[in-house]
Amino acid sequence: MKLFKFLVLLIVSALFFGCAASPKLSPDVTQSLKGSKLAVAYAQTEKRIHYNELVYKVFWNETRTKDVSYNGLWDIDTDLTSYMAPKVCDLGLKAVSIYDVVPEENIKELHESLMAKPREEELVLSDGLRAKLMDEGIDYLLMLRNDHIGVYTQIGLKQGQAHAMMYVQDVRSNEQKYAGFFPCGGNFKVEKNVREIENNNLAGLKDHMKEWLDVSIQKHMPKQLGLVQ
Amino acid sequence: MLLRILAILLVLGLAACATTLDNKNDLSSAEFKLNETKKSEVADYLGLPAKISNSEEDKKQYWYYTDGTKLSGLILPIGATGMTTTIHTGGPASDLDYAAMFVFDENDTLIEVSR
């Protein structure tokens, strides 16, 4: 009976931990954000897909992994940043793509700084990047950072997950105003094998990523930014 | 009795699954033509490579393929309790694990293969 109680408590605790909500932006920053111009950026630090499959072997189960690269085949940063900017505008914010206001070299420098440190560390923008952003009247940088795309598969289940973090950085003070997990993912619609997402120059992966990003911007971003209760 | 056990084991064995994550086709079966085959044809036949590196100097792109998948964990039942334990195995692939390398020029044409 004690063991039963312990197991029930364990499962309930695990469920609560699993549903832990992302933090919210403080109300004063939300107010400031509403009246400001912001640049949006999507940054993928590793251009790879990490496949993970649970394989049933009767007497045991195995997890098998395979990593594939799309480095140089899909400019995911530019593509998803351009995709994001109008979606963020739809939330009632004045947003532009960082690629429209800052030279490529400054964005490259930002990506290199992201690759050099784990995502838990506080974001710090270089003086050069801040100067360019301020010249364009940008007050905040809203950035999604994703380290890789995870694909999880087992019988009847083929899911993708972008392990993304969302940051809001005050450009003038260079202070990180927000950092929180940004859920983005869903089920792949493929016929047989999940690696079909690589076909036709990654057409399946691109479509799914945009669809999930769209859903997450509409569903999660307003809550995280405090735009809705 | 022995036959019955063998039959049960055979049925259970058939129910076991194989991984679906490997390259789309065997690396050894790939027959590409130098100075003709395009990058997209290699990707369509084998899937994407494990690693891609770009040389800015000579504008070449290097694709490195690995064979098979990596066993990253085993989930085993413990006795008759219905509980399981997971054993994690191995680390990331090293450069030595690559089974084939394909080199493309700036026009996305295959110019070199090394196995």
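The values are calculated or read from the model by the stated rules, or taken from the named source; none is laboratory data. No experiment lies behind these values; they were computed from the predicted model shown. Here the Cβ is made from the backbone with ideal geometry for all residues, glycine too, and neighbour counts use every protein chain on show.
Details
- Qualifying residue in segment A:98-119 (condition: among the aromatic types (Phe, Trp, Tyr) and either closer than 18 Å to A:Lys177 by Cα or in contact with a Lys or Arg (Cβ under 6 Å, 6 or more places away or on another chain) (or both)): no
- Where helices (runs of 4 or more DSSP H) fall wholly inside segment A:56-149, the ranges with 3 or more residues that are more than 28 Å from A:Glu198 (Cβ to Cβ), at pLDDT 95 or above and of a type outside the set (Phe, Trp, Tyr) are A:127-135.
- Every listed requirement among (1) at pLDDT below 85; (2) more than 10 Å from chain A (Cβ to nearest Cβ); (3) touching a strand residue (DSSP E or B) at 6+ places or on another chain (Cβ under 9 Å) is met by B:Leu96 save one, (3).
- Condition met for A:Tyr70 (over 25 Å from B:Asp97 (Cβ atoms) and in contact (Cβ under 8 Å) with a residue 12 or more places away in the chain): no
- Scanning segment B:20-38 for residues that are more than 11 Å from chain A (Cβ to nearest Cβ) and either more than 18 Å from the chain's Cα centre (by Cα) or hydroxyl-bearing (Ser, Thr, Tyr) (or both) yields B:Ser28, B:Ser29, B:Phe32, B:Lys33, B:Leu34, B:Asn35, B:Glu36, B:Thr37, B:Lys38.
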